[in-house]
Amino acid sequence: MNQLNRSAILLISLFGIIAYATTAFSQELVVYSARNDHLIKPVFELYKKETGVTIKYITDKAPVLLQRIKAEGSNTPADLLITVDAGNLWHAAKEGVLHPVESEVLAANIPSHLRDLDNRWFGLSLRARTVVYSTERVKTGELTTYEDLANPEWKGRLVLRTSKKVYNQSLVAMLIKEHGVTKTAEIVKGWVDNLAAPPFSNDTKTMEAIIAGQGDVGIVNTYYFGRLAKVDPNIPIALFWPNQSTGGVHVNVSGAGVVAASKNKDSAIAFLEWLSTESAQQIFADVNMEYPVNPNVPINPTVAVWGSFKQSEINLANAGENQTAAIQLMDRVGYN
Ligand code: FE
């Protein structure tokens, strides 16, 4: 082969690579997000800055977005679905709208209990659903486990958020995985018997009830505590890490999956992988005072002061698998 031919071939293959790169990698992605606008926007803006890729998005409740993706079918513009709570991600996977992603990057960056074993969804930020207590009326030695809150010494002292919230459904679903239905029903019945007030509509109201002296102890997501403590650092409540000598603290995630009908799967996967890396992880966790799922990424100092804890390492798919059983169980024992 002469020099001219060789250069020609080189040039042709170079054009081929460029053509491939431009067709395979879209410069625009569409995200359907159940995570609020102000929590996702900074991450999307950073991605645009780093890669030039524009992220268009809509936000709505997870079930609405799931229905929309199903209704749009093969015409959906969605490339990535972001939701909070593994129960919601599990549902999306079960409905067949998520594409399995085999990725060494995601496998390395995200601990296996925080992602789908069939690789259809991946946790991106971690929230702990832990015990919160009155620093005026509870001594830390009194607290031990979630299960212990069912014991008679907490009679008339426990406050809880409604069982209608997926966070509590996931908590109970994970207890079912650990203890079975019968024992979990005993525990949850014990909680109901110990309630100081009817369940509250959200975690903030649950904590406000403790601050107001209506109850002494409750179960909340840590970032809601963070929001209250940011406004008033002297609130008379504190977080406690239960189950440290047993299964660990109940955790959950916000996470994402690539939409099965996406026409930009390669770019969507690249974006998902980027979301598991340091710069993205830091913002994704920090904006909501959550924990990065990637264990190599430092925890925000405001969050780190709450202390370190052992987390449950039961795979979060169980939150979805046992969700119906959890709802039925809570209904049966009168947890509204
Ligand atoms: Fe929340």
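With the structure loaded, tell me whether residue 210 is assigned by TED's automatic domain parsing to the domain that holds residue 320, farther than 20 Å from residue 331 by Cβ, more than 16 Å from the ligand (Cβ to nearest atom) and at pLDDT 95 or above or whether it fails that test. In short, yes.
Conditions (1) on the phi > 0 side of the Ramachandran plot; (2) outside any helix (DSSP H, G or I); (3) at pLDDT 95 or above; (4) of a type in the set (Lys, Arg), marked per residue:
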site	(1), (2), (3), (4)
55	no, yes, yes, no
69	no, no, yes, no
77	no, yes, yes, no
82	no, yes, yes, no
92	no, no, yes, no
107	no, no, yes, no
118	no, yes, yes, no
127	no, yes, yes, yes
130	no, yes, yes, no
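Counting residues in the range 179-193 that are crowded, with 16+ Cβ neighbours inside 10 Å, in a strand (DSSP E or B) and either away from the ligand (no atom under 16 Å from the Cβ) or among the aromatic types (Phe, Trp, Tyr) (or both) gives zero. Total residues in the range 298-324 satisfying the condition of being more than 27 Å from residue 133 (Cβ to Cβ) and surrounded by fewer than 19 Cβ atoms within 10 Å (Cβ to Cβ): the figure is 4.
Of 105, 132, all but one fail to be within 16 Å of the ligand (Cβ to nearest atom), more than 13 Å from residue 252 (Cα to Cα) and in contact with a Ser or Thr (Cβ under 9 Å, 6 or more places away or on another chain); the exception is 132. Residue 99 meets the conditions (1) away from the ligand (no atom under 16 Å from the Cβ); (2) of a type outside the set (Lys, Arg); (3) under 18 Å from the mean Cα position of the chain (by Cα); (4) within 26 Å of residue 322 (Cβ to Cβ) in every case but one. The failed one is (3).
Only residues that are surrounded by fewer than 22 Cβ atoms within 10 Å (Cβ to Cβ) and either basic (Lys, Arg) or within 16 Å of the ligand (Cβ to nearest atom) (or both) were counted in the range 138-162, giving 4. Residues in the range 94-105 that are touching a residue at least 60 places away in the same chain (Cβ under 8 Å) and assigned to a helix (DSSP H, G or I): 2 in all. If you check 321, 273 for being more than 19 Å from residue 105 (Cα to Cα), among the acidic types (Asp, Glu) and in contact (Cβ under 8 Å) with a residue 12 or more places away in the chain, only one passes: 321.
Here residue 218 passes the criteria (1) small (Gly, Ala, Ser); (2) within 16 Å of the ligand (Cβ to nearest atom); (3) not in a strand (DSSP E or B) except the one numbered (3). Take residue 135 and decide whether it is surrounded by fewer than 22 Cβ atoms within 10 Å (Cβ to Cβ), in contact (Cβ under 8 Å) with a residue 60 or more places away in the chain and among the hydroxyl-bearing types (Ser, Thr, Tyr). For residue 135, the condition - surrounded by fewer than 22 Cβ atoms within 10 Å (Cβ to Cβ), in contact (Cβ under 8 Å) with a residue 60 or more places away in the chain and among the hydroxyl-bearing types (Ser, Thr, Tyr) - is met.
The values are calculated or read from the model by the stated rules, or taken from the named source; none is laboratory data. Computed from a predicted model, the values in this text were never measured in an experiment. Because the Cβ atoms are built from the backbone with ideal geometry, glycine has one as well, and the counts that use them run over all protein chains shown.
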